[in-house]
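Worksheet for the structure shown next.
The values are calculated or read from the model by the stated rules, or taken from the named source; none is laboratory data. On a predicted model such as this, the values are computed, not experimentally measured, just so you know. Reconstructed Cβ throughout: ideal geometry from the backbone, glycine too, with neighbour counts over all protein chains shown. Each accessible area value is taken on the protein alone, full model and side chains, heavy atoms only, with ligands, DNA and RNA left out. Shrake-Rupley method; radii C 1.70, N 1.55, O 1.52, S 1.80 Å.
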Amino acid sequence: MTPPFSHGEPEDLPQPHARAVVRMKPKAEARAIRHGFPWVYADELVTDRRTQSLEPGTLAVLEDGERRPLGLVTVNPKSKIIARMIDRDIEAVIDEAWFTKRLQRALEMRTTLFDKPYYRLIHAEADGLPGVVIDRFGDVAVVQPNAAWAEAHLGQLVAALQAVTGVSTVVKNGSGRSRVLEGLTEEISVIAGSMEAPVQVAMNGAIYLADLLGGQKTGIFYDQRPNHAFAARLAPGARVLDVFSHVGGFGLACLAAGAESALAVDGSAPALALAAQGAAAMGVTDRFTTRQGDAFDVLEALAVEGAQFDLVICDPPAFAPSKPAMVAGLRAYERVAKLASALVTPGGYLVLCSCSHAADLQSFRNSSARGIGRGGRAAQLLHTGQAGPDHPMLPQLAESGYLKALFFRLD
């Protein structure tokens, strides 16, 4: 058993009566903040010596250039996103009761949408907890505190999480690019209760094995659930190729819907092993095969082998995670589309996905269309998918609508 996790008030954070004040530069656009945009970038804030000396995660009152209060923010002088709006009430007390209200609001929507407790419970800014992601797996919750303020208040967050949901086990997944940008260390550990990995997750008639301690992200990609379901509608009797398959997301959903066969391709042997375990749990091992290797190399090899599939899905990692990576990332998406289109039978379907925050839908669609054209194929775009409703968007924050899934029919 893991030792009890501390739920005390962080001693190093200012209390409400002693909060710091940070101010936007006179020429900074405060109107966007008033209208709901949740971030202040470092070049928009007056970063004098006092502001620069604030501890990451400090709560502060944000003012515009004329010293009018805008709300309560968390400040991290080490981050490009130097301030994140946490509450419009500058007197708000960020304690366990505050977290409880946010979690109850999020839980109410999820229990309306899902009949079983397997979903994303907290989707960062869109659920009022900037930089925080919580995925629920029945009695287990995986928390990603990707911002310094969340790391500092983790005890209160976990206490509220257990009280609101009744989960007995909480895993802290402190890994990933976001934490590095916040100046936080990386670690994955069980911080409440105990567990054995992996866990079974049922979605769209399929069974997935999620490694909550050693897998990618929180162990499974709940965001693709509705896109798995749409692909499954195209799958009865089809030969399916699932590239960048992780634990078999699209492939297993298609098999559950009656696909003739599914080949899962991924660079991770552990992920493919979990996919195979999922297939075994579903009783479809005879229709499921895996192939480990670099996805680009495997796509080229399959073309040389003359392989053809009725449904090809490519769900790569974020090739364009930031604006500086945009050009190279879009080229990579174009290349995926070109290579994958060669493997689709005439009249078959190609599904191309992007989880890149920096690549907007139009840019991704254009790159995908160019790749298909370069592959000598003509296409119809029949459906555009996004993340499921347990991944809500904050309308003012385009980055919260990161997932794109394009469904093409090829001639």
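Tabulated data
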{"quantity": "Integer Hz, Karplus 6.51/-1.76/1.60 couplings in order for the stretch 348-364, x for Gly and Pro", "calculated": "x, 10, 10, 10, 10, 10, 9, 10, 7, 4, 7, 8, 6, 4, 5, 5, 5"}
{"quantity": "Cα long-axis angle, helix 295-304 against the chain (0 to 90 degrees, to the nearest 10)", "calculated": "10"}
{"quantity": "1.4 Å probe accessible area per residue over the stretch 110-220, in Å²", "calculated": "33"}
{"quantity": "K25 accessible area, assembled protein chains, probe 1.4 Å, Å²", "calculated": "80"}
{"quantity": "Ranking by accessible area, most exposed first, for T165, T384 with a 1.4 Å probe", "calculated": "T384, T165"}
{"quantity": "J(HN,Hα) series, the stretch 325-333, from Karplus relation 6.51 cos²θ - 1.76 cosθ + 1.60, nearest Hz, glycine and proline x", "calculated": "8, 4, 4, 5, x, 5, 5, 5, 4"}
{"quantity": "Share of carbon and sulfur in the accessible heavy-atom surface of the chain [1.4 Å probe, %]", "calculated": "52"}
{"quantity": "Estimated FRET transfer efficiency when R0 is 45 angstrom, pair A229-R49 (beta carbons, to 0.05)", "calculated": "0.25"}
{"quantity": "Cα centroid separation, the stretch 37-99 to the stretch 200-250 (Å)", "calculated": "38"}
{"quantity": "Antiparallel %, DSSP beta bridges [both residues in the stretch 187-291], to 5", "calculated": "35"}
{"quantity": "Accessible area of the stretch 286-411 divided out per residue, in Å², using a probe of 1.4 angstrom", "calculated": "44"}
{"quantity": "Pair E29, A328: separation of 7 Å Cα→Cβ label points (nm)", "calculated": "2.9"}
{"quantity": "Members of K80/K101; K172/K338; K101/K172 lying beyond 27 Å, as alpha-carbon distances in this model show", "calculated": "K80/K101; K172/K338"}
{"quantity": "Proximal charge balance of N204 [Cβ under 12 Å; K/R count +1, D/E count -1]", "calculated": "+2"}
